[in-house]
Each structure stands twice: as C-alpha cells, then as structure tokens.
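To start, the structure itself, in structure tokens.
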Amino acid sequence: MANKLETIDVHLHYGEFHALKGISLAIPDHSVTALIGPSGCGKSTYLRLFNRMNDLIPYTKITGQVLMDGEDIYKIKSSKIDHLRRTVGMVFQKPNPFPKSIFENVAYGLRVNGISDNSFIENQVEKTLRQAALWEEVKDKLKKSAFELSGGQQQRLCIARALAIEPTVILMDEPASALDPISTGKIEDLIFELKDQYTIIIVTHNMQQAGRVSDYTGFFYLGNLIEFDKTKKIFTNPSKQETENYITGRFG
Amino acid sequence: MRIRRFTEPIFESLIKICGYSSGFVVLLIIVFLFKEGISFFGSSPVEEGFTMYVHASNPVKDLSAAQIKDVFDQKITNWKALGGADQPIDFEFLPKCIDSYMDSLPGSLAFFPSAQTDGKLKSAIPIKIDKITVGKFLSDTEWFPTSRPAARMGVMPLLLGTLLVSFFAIIIALPLGLAASIYLAEIADERIRKILKPVIELLAGIPSVVYGFFGLVVIVPLVQSTFNLPVGETALAGSIVLAIMALPTIITVSEDALRTTPRAMKEASLALGASQWQTIRLVTVPYAASGITAAAILGIGRAIGETMAALMVTGNSAIMPPTLLQPVRTIPATIAAELGEAPFGGLHFQALFALGCLLFIITLIINLLVERVSAKRN
Ligand SMILES: Nc1ncnc2c1ncn2[C@@H]1O[C@H](COP(=O)(O)OP(=O)(O)O)[C@@H](O)[C@H]1O
Ligand SMILES: [Mg+2]
C-alpha cells in the first residue's frame, strides 16, 4: 500500500518549547493509525500538522517535511491552504458544532467551498448524516439548533460535517474522550466503517480503543516518536521498553 | 482567627452602608432632577411678576406663547388673526401707565408688571396665557427661552438636532469600529495588538474638551472647505467628532465580544476549508453579534450625552428642521451653554432641567436596551 501521509524529520517549536523532536513516520493509505502516549507528549500537535492547524498559533516554527500524496504541504502557496484543509477533515476533542441548525452545520463546509446547488447540498447532508449514524435520530429536526443534541450526537454531527466535504484524510483528536461508553461505541463502529474510504489518524488516551479500531499505532513520549508498528505488534510484543511500560500501565 | 471573626462583620456592614448610601445618592439626584424639571410644566411662559393685559372690551380671552411672539415680531398685526374683532393690535412693551394707555386704545395689548396694578385697573384686564405642557414642550418647534414677553420652549429642534448628530455619528463610527475591532481581534498579530489595544483604551479616557478642540481646529475647517460652506460648525462636524469619540468604546467592547468566540468554533470552520474571511463573516461576527450590538448602543449613548465637544463644533443654533450641513444645537450643549445665564429657579432654569430629564429618559432607554441585548447573550 502507498503512503498517504508522511513526515520526515519534523521539528516543531512553540516559541522556545520544543514540542516535536524530529518525527519521521509514514502512514499508509486507507488505514487507521492510532497515536498514543501520555498527555502533553505532542500527539495533538503532530496531528494538527496535517491540516496546518498549528499555523494559527503565533510563534510556532516548523522544520522538516510533511508530505501528502508525495507533495510537501508546507511548500504550497498560502492561498492553497484552504483547499488542503478541504481534503483533510478534522474531528476535535470536544464536540464543537456551530450555533446553527443541524442542517446548516453539515452544509457549512459545502457552502464555504462555493457549492450552492441546494439539492446537492440536501443529498450530501442526508448521506453524511447516515454515514455518521445520526440520520434516524435527527431527520425530523434538521432545522433545530445543533446545541439541542446530546454530546454524543453532537460529536457524530461533527463527524458528518467533516465528511460532507469529502476529504481523503480524517484527523480525530480524542473524539470520544468526552463521551459516554455507548456513544463511544457508536463512534468506534463508525471509524471501522469509514476505514475503507479514508485514511484516518486518531489520537486516543484509551488503550483498548486504540487496540479495537486501529491498524497501526504510534507511541509518542516527550515529543519523540518512540515506536510505530502494526497495532497488534505494539500491543503484544513492543520492541521498546518505554512502549511496554506505557501499555501495561506502568506510567502515563 | 478571632480577629477575623471580629472584623468580617464590620467590613460587611461598611460595604453595605456604602452600597445603600450610593444608591440613595443616585436616587436623590434623580428626584432632584425630576422635581425641578416637572415644576416647569404648568407654569406660564410669561416672565414672573409681569402680566399681559388687553382692553376690557376685547373678546379674545387667551393667547399662546407662539401667538405673543408673532405679535411681538409683527407677524400678526390684527386681532382677527387671533380670533377677535377686526382691529389692529397696538402692542406696548412696558407702557408708562397701564390705565391711561389702555383707555384710549380698544385694540391694545400690553406687557406690564403685575404687582403695581392689583385691583386698580379700570379698562385693562389680564389675558390668560396658555400654560406650558409636556405636549407643547415636545412638539413646539422654537427654542427662545429668554424671549420677552413670552418665552418659547419647544424642545423639538434640540431633540432632532441631538438625534441627527448622534445618528450620523453612529453611522460613521459603527463600520469603522467594527472593522478596527475585527482587525484587532482576528488579524493583527499579537505584538501589534499589545500596543494598539491600550492606546485605544487610552483614547477613551481623553477629556472631551480635547476632542472638541481637535474638532474645531481640524474637522470644522475640513467640513467647511469640503462642502464649500459659509461656516464649518455644522451637524456633520459634530457627527464626525462624536464618531471619533465613540470609536474607542465601540472598538474595545466589540473586540472583547469577538474574542469570546471560542477558538474551537473558528478552528472547526477553518478545518472545513473556510478562508479566514469566511470564518470571520460566518462564525466569529455572528457569534459576537449581541456584544457588537451592545457596543453600538453604548457608542450611541456616549454620542447622545456628549456635551463639550458638541458645544464646540456644532455651531449651536436651533434651526428647524436640523440638517447635516447647517449648525445644530444638541440637548446637552444647550444645557451647558444656557445654565450659567439662566436665573436660578426661574422658568428658563426649570426648562433646562426639563431638558435634563428628557436626556435622562433617552439614556435610560438606551441602557435598558443594552441590558436586554447583553442578557440575550447568556
Ligand atoms: N499553543 C501552544 N503554545 C505553547 N505550547 C503548547 C501549545 N499547544 C501545546 N503546547 C505544548 O506542547 C506540548 C504538546 O502538546 P499536545 O500536542 O497538545 O499534547 P497531547 O495532545 O499529546 O496531550 C505540551 O507540553 C503543551 O503544553
Ligand atoms: Mg491532545
């Protein structure tokens, strides 16, 4: 399988703080990669490299290469960044729907990308709400505010919103950390479904979750990538002592 | 520990006393303002100690302040125009002797001190002058508070002047303020923001007389030469100066509102491929809409209540109807300009208090609006 995403010796500084210390990693197409590690080790920072979200933070310095389909996404023109973000969907840690209707939340990405064909938008909204396993619950209240949904429903709405613009990569930053077990289960099922069509990177604190949903796992520690391998290998026979310590719960 | 237990109730009661007494003082001010203002209504527009007399045979029984002024200005010269017989009006301002003057002239109208005439008149009788009412105060279009024999106290030109100047001030200030606050909150980088924000907040603290002076030296000549006017002291100059004064408030309040838009909301938008401008337009500004509205209303409040700068640059003439390129007179400027020359406790003095009441009511309404808008936010 070809590599969808790749980073080569990426360093990231937040001002003086060295948050990523030379990360080299290749992520295969149509796979789910879990990023694990104690909090503050740079998982979110690494994830946000791929849609250039770190650019928004002042005093941030990035060196190295971040490749998507072989092209360095930090070499593109700044006017193309919007387009890059359209192909890389993101689901955040806390559900963050807009203060708009359920329908308009999903339609937002289409509208800002210049699509105004209403029947297309309607189809796309229904399709992605179905994909996110939310359609049956909201089909009668699409005009209602997204804030009326439960936390789990809001997170699935955010997933639908990310899917609506048909990205090829989906970044998920602890998407289930604020949810109850049932909602978490639904989101995990969803990730399983989406794997065929998308390349997914998911940051998680939850070892079981990483084990259940991912094909590959990367273990981060203090800004370093300690180990990256098939999930099965990481969880049964890690090659680094730190990884084993973390997985067996001896720290972190 | 023991001392704490002892001092805490003392501090508590001290704070309570301060709270109650400041509330009481505020209440006292309002009561005082309205007491003076309200006693204005129901009084006669003729100067105290004087009476208007007509010949005993004259069928006209009452006159309004406006009619008296027209007679005085010789716009009305015949009793027929006032509902009387067809005879010319002989107006006499302070005749030597009221009776001898009246006797010979059936069409006479005289302004004369009342005390000297009590019960000693043969042919002259006092004519009733319409009292000042709230309705007349609000609808009369002339403001001549010191004119004799009868004062005209119509608040309309002042009220319209105030609203005109404030309205255009906000039309100028709101787009500029919004643009500046968006720049500060969303676009300017941290270093620039750290310098600009305190500078703008500082501008809000500059005394208005300084703005007035700036207006007089810079804006007034500019307006005059741009529109080729005989005088530069116009409503427009006032609007521009008040807009400049309202800007710091509008900028800081709406910038604060814009910054309350959660980062997560903006990131969600950007992550969906929206540009920075789309994100500002579709997410940040709508999220801060009620705060921006509050900023606008506060700005209007500042413009409406502003005295000094308005006094200095608007030209202060109560032209009706007020227009942008002519001098106007605002309510606060009127109070400031005339209070010094109005005799204490007199009619003019009370009229200025009534203006104060009106201004108070307007700003109260504006503050209630702000409350409602910002309550909706939560
Ligand atoms: N905007 C920022 N400015 C400065 N330091 C940051 C910023 N965001 C994250 N960091 C620091 O970078 C490190 C990695 O953060 P993060 O990637 O969020 O970790 P994780 O997601 O693994 O918990 C942390 O030590 C954090 O304090
Ligand atoms: Mg994180």
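No lab work stands behind these numbers, since they all come straight from the coordinates. This is a predicted model, so every value here is computed, not measured. As a convention, Cβ positions derive from the backbone with ideal geometry for all residues, glycine included, and neighbour counts pool all protein chains shown.
Take the Cα coordinates of the protein assembly as shown, assign each an equal point scatterer, and use the Debye formula without solvent to give log10 I(q)/I(0) at q = 0.08, 0.09, 0.10, 0.12 Å⁻¹.
Ignoring solvent entirely, the Cα scatterers give -0.79, -0.88, -0.98, -1.16.
Among A:ALA132, A:GLN154, A:GLN241, whose Cα sits farthest toward the positive end of the charge dipole of chain A (+1 at Cβ of Lys/Arg, -1 at Cβ of Asp/Glu, about the Cα centre)?
About the Cα centre, the residue reaching furthest to the positive side is A:GLN154.
I'd like the antiparallel share, as a percent to the nearest 5, of DSSP beta bridges with both residues in chain A.
Counting only bridges with both partners in chain A, antiparallel ones make up about 60 percent.
Going Cα to Cα from A:LYS240, which aspartates and glutamates come in below 15 Å? Please leave out same-chain ones fewer than 8 positions away.
A:GLU227, A:ASP229
Helix A:181-194 sits at what angle to the longest principal axis of chain A, using alpha carbons and giving 0 to 90 degrees rounded to 10?
90 degrees
Placing unit charges on C-beta atoms (Lys and Arg positive, Asp and Glu negative, everything else neutral), compute the dipole magnitude of the protein assembly as shown about its Cα centre in debye, rounded to 20.
1000 debye
Hey, could you get me the Stokes-Einstein D for segment B:50-136, Kirkwood radius over alpha-carbon pairs, 10 °C and 1.306 mPa s, rounded to whole µm² s⁻¹? It would help to have the intermediate numbers written out before the result.
On the way: Rh = 13.1 Å.
Stokes-Einstein gives a translational diffusion coefficient of 121 µm²/s.
What chymotrypsin sites (Phe, Trp or Tyr not before Pro) does segment A:146-212 have in DSSP loop regions with at most 10 other beta carbons within 10 Å? Intermediate values should be presented prior to the final figure.
On the way: sites: A:PHE147, A:PHE192, A:TYR198; in loops: A:TYR198.
Sparse-neighbourhood loop chymotrypsin sites (Phe, Trp or Tyr not before Pro): none present.
When a footprinting reagent is the concern and you count Cβ atoms within 10 Å, what order do A:HIS30, B:HIS55 take, fewest first? Could the numbers behind the result be given before it?
Values: A:HIS30 16, B:HIS55 22.
Placing the least packed residue first, the sequence is A:HIS30, B:HIS55.
On a straight-distance basis, which lysines could pair with A:LYS61 in a cross-link, Cα separation under 19 angstrom, same-chain partners fewer than 8 positions away excluded?
Filter leaves A:LYS21, A:LYS43, A:LYS75, A:LYS77.
Taking springs between alpha-carbon atoms closer than 10 angstrom, which of A:ASN123, A:ASN51, A:ASN105 fluctuates most in the Gaussian network model of chain A?
Among A:ASN123, A:ASN51, A:ASN105, the largest GNM mean-square fluctuation belongs to A:ASN123.
Give the cross-link partners of A:LYS144 among the lysines, using a straight C-alpha distance below 29 Å as the criterion and excluding same-chain residues fewer than 8 apart.
Candidates past the 8-residue exclusion: A:LYS94, A:LYS100, A:LYS127, A:LYS186, B:LYS266, B:LYS376.
Which of these, A:MET90, A:MET68, A:MET53, has the largest mean-square fluctuation under a Gaussian network model of chain A (Cα springs below 10 Å)?
Of the options given, A:MET53 has the highest mean-square fluctuation.
For segment B:17-22, take each phi angle, set θ = phi - 60°, evaluate the Karplus expression 6.51 cos²θ - 1.76 cosθ + 1.60, and give the result in whole Hz per residue in order, putting x for glycine and proline.
Result, rounded to whole Hz: 4, 4, x, 4, 5, 5.
I need the GluC sites (Glu not before Pro) found in segment A:1-89, filtered to DSSP loop residues with at most 10 other beta carbons within 10 Å of theirs. Walk me through the numbers before you get to the answer.
On the way: sites: A:GLU6, A:GLU16, A:GLU71; in loops: A:GLU16.
Passing sites in segment A:1-89 are A:GLU16.
Hey, what D do you get for segment A:102-156 in µm²/s if you plug the Kirkwood alpha-carbon radius into Stokes-Einstein at 25 °C and 0.890 mPa s?
215 µm²/s
Could you pull the Rg and Dmax for chain B, using just the Cα atoms, both in Å?
28.3, 96
Working from the alpha-carbon coordinates of segment A:196-239, get Rg over Rh, Rh being the Kirkwood radius.
For segment A:196-239, the value is 0.96.
Farthest toward the dipole's positive end in segment B:156-374, which of B:LEU229, B:PHE360, B:VAL199, given Cβ charges of +1 (Lys, Arg) and -1 (Asp, Glu) about the Cα centre?
Selected residue: B:VAL199.
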